[in-house]
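**Q** To start, I am sharing the structure in question, which I have written as structure tokens.
Taken together, the values in this text are just the output of simple stated rules run on the coordinates, not laboratory data. All values derive from a computational prediction rather than experimental measurement. FYI the Cβ positions are ideal-geometry reconstructions off the backbone, even for glycines, and counts take in every protein chain you see.
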Amino acid sequence: MEKIIRIAVQKSGRLSDDSLSLIKECGIKFYNGTGKLKSTSTNFPIEFLFLRDDDIPGYVADGVADLGIVGENELVEKDKDVTTLKKLGFSKCRLSLAIPKGQEYSGIEYFQGKNIATSYPKILGDYLESKKIQASIHEISGSVEIAPSIGLAEGICDIVSSGSTLMMNGLKEVEEIFRSEAVLIANKDLEESKKQIVDKLLFRMNAVQKGKSNKYVLLNAPNESLEKIVSLIPGMRSPTILPLAQEGWSSVHSVLNEDQFWENIEELRAAGAEGILVVPIEKMVI
Ligand SMILES: Nc1ncnc2c1ncn2[C@@H]1O[C@H](COP(=O)(O)OP(=O)(O)OP(=O)(O)O)[C@@H](O)[C@H]1O
Ligand SMILES: O=P(O)(O)OC[C@H]1O[C@H](OP(=O)(O)OP(=O)(O)O)[C@H](O)[C@@H]1O
Ligand SMILES: [Mg+2]
């Protein structure tokens, strides 16, 4: 029987949609109806476990799942011995200390002897220790931002993204202590046959990620500026140059990183490029 790998993904929350989209963009088909906690792909040797994110590092470390997608914050907090295979570029957030808006803040000393509510006692404890601050950590599992207004703590340490949850609860961010994004993690002792399947999956994920960060660029240019334009958009090996029906003009096709495109656009135009089209790339294999 062909080997199959198991991947643990968050059942529902801030990681789920992007985790499942990435897997679908890798061409992997599966059913994930509401309430279904386990599912097997119909066209790739992979089984999905839909779990709470807190449990994912543990399941991967124990080998119940071979792979998992989880936030770095949860991974570091749970302190499990797993391999991080890849940063995935979504669910980006930070763990920050915050205090009531009206309080004056002069520095980390503010927290000396204070009570801080958090769902991340390990990350916070390590941070406070590194700053030689003694504070009392109150672990709560959610709605941390409510703690100061109900008298549970003078400050909090929680996830911040846009900052709107802090603002709506009368708090202000005073220290960023950890930056996080979603990562793909693996069990440390995967057998060879499973490693081969993981490599196939990684190959597909890399192709999807590269495609997303690059664009296909087409432009028209007078032949005398081709040398300059080719040096600005060198592409994967070299750009494709095709003659236009109009004498003395060519169409240049190339691939480049989106940031690079914006950096070079003025120079391209100055060199005579016109009719510039930028097209998304679905997958890219180098
Ligand atoms: N506002 C946000 N913006 C971006 N990423 C976030 C945000 N909030 C959380 N995350 C990231 O997504 C992960 C999951 O967040 P979520 O709020 O869904 O967790 P949860 O409520 O603990 O879910 P579960 O029910 O699975 O335990 C976090 O550990 C963090 O890495
Ligand atoms: O800075 P913001 O953009 O406001 O995001 C931060 C909030 O997002 C997360 O909660 P979420 O909304 O996922 O709800 P949860 O508490 O149920 O996990 C996190 O726990 C913060 O409360
Ligand atoms: Mg959770």
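**Q** Which semi-axes, in whole Å and largest first, does the equivalent ellipsoid of segment 214-280 have when worked out from the alpha carbon gyration tensor as the square roots of 5 times its eigenvalues?
**A** On the way: eigenvalues 64, 30, 22 Å².
Equivalent ellipsoid of segment 214-280: 18, 12, 10 Å, largest first.
**Q** How high is the relative contact order of segment 214-280, given as a whole-number percent (alpha carbon pairs under 8 Å, six or more residues apart)? Provide the component values of the computation, followed by the final result.
**A** Numbers: 111 pairs, mean separation 34.6, N = 67.
Reported relative contact order: 52 percent.
**Q** Give me the net charge for the shell around LYS101: Cβ to Cβ below 14 angstrom, other residues only, Lys and Arg +1, Asp and Glu -1.
**A** Cβ neighbours under 14 Å give a net charge of -3.
**Q** How big is the charge dipole of the chain about its Cα centre, in debye rounded to the nearest 20, if each Lys and Arg gets +1 on its Cβ and each Asp and Glu gets -1 on its Cβ? Walk me through the numbers before you get to the answer.
**A** Working: 34 positive and 41 negative charges, 153 e Å.
Once rounded to the nearest 20, the dipole reads 740 debye.
**Q** Can you tell me which of GLU25, GLU181, GLU274 moves the most in a GNM of the chain? Springs connect C-alpha atoms under 10 Å apart.
**A** Residue with maximal mean-square fluctuation among GLU25, GLU181, GLU274: GLU274.
**Q** For segment 143-271, just say rounded, prolate or oblate: build the C-alpha gyration tensor, square-root its eigenvalues into a ≥ b ≥ c, call rounded for a/c under 1.5, and beyond that prolate if a/b exceeds b/c, oblate if not.
**A** Details: a/c = 4.93, a/b = 1.80, b/c = 2.74.
Here segment 143-271 falls in the oblate category.
**Q** Out of all DSSP beta bridges with both ends in the chain, state the antiparallel percent to the nearest 5. Please report the intermediate quantities before stating the final value.
**A** Working: 43 of 58 bridges.
That works out to approximately 75 percent antiparallel.
**Q** How many angstrom lie between the Cα centre of segment 242-286 and the Cα centre of segment 43-109?
**A** Value for the Cα centre distance between the two parts: 39 Å.
**Q** Could you work out which residue, out of GLY33, GLY211, GLY89, moves most in a Gaussian network model of the chain, that is, has the largest mean-square fluctuation with Cα springs under 10 Å?
**A** With Cα springs under 10 Å in the chain, the top fluctuation among GLY33, GLY211, GLY89 is at GLY33.
**Q** May I ask you to sort MET205, MET168 by Cβ crowding, counting other Cβ atoms within 10 Å and putting the fewest first?
**A** Details: MET205 18, MET168 9.
Fewest-to-most ranking of MET205, MET168: MET168, MET205.
**Q** Please tell me the relative contact order of the chain in percent, rounded to the nearest whole number, where contacts are Cα pairs under 8 Å and at least six residues apart.
**A** Details: 544 pairs, mean separation 53.9, N = 286.
Taking the mean separation of contacting Cα pairs over the length of the chain, I get 19 percent.
**Q** Sorting check: for 130-137, 248-255, which peptide has the highest mean count of neighbouring beta carbons within 10 Å, and how do the rest follow?
**A** Ranked by mean Cβ neighbours within 10 Å, highest first: 248-255, 130-137.
**Q** Mind checking segment 223-280 for trypsin sites (Lys or Arg not before Pro) that DSSP puts in a loop (not H, G, I, E or B) and that have at most 14 other Cβ atoms within 10 Å? Before the final figure, lay out each step's value.
**A** On the way: sites: LYS228, ARG237, ARG269; in loops: ARG237.
Sparse-neighbourhood loop trypsin sites (Lys or Arg not before Pro): ARG237.
**Q** Rg (Å, one decimal) plus Dmax (Å, integer) for the alpha carbons of segment 17-59?
**A** Both quantities, over Cα of segment 17-59: 10.8, 29 Å.
**Q** Would the chain count as rounded, prolate or oblate if I go by the C-alpha gyration tensor, calling it rounded below 1.5 in a/c and otherwise prolate when a/b exceeds b/c, oblate otherwise? Don't skip to the answer; put the middle values down first.
**A** Working: a/c = 2.91, a/b = 1.50, b/c = 1.94.
Taking the square roots of the gyration eigenvalues as a ≥ b ≥ c, the chain is oblate.
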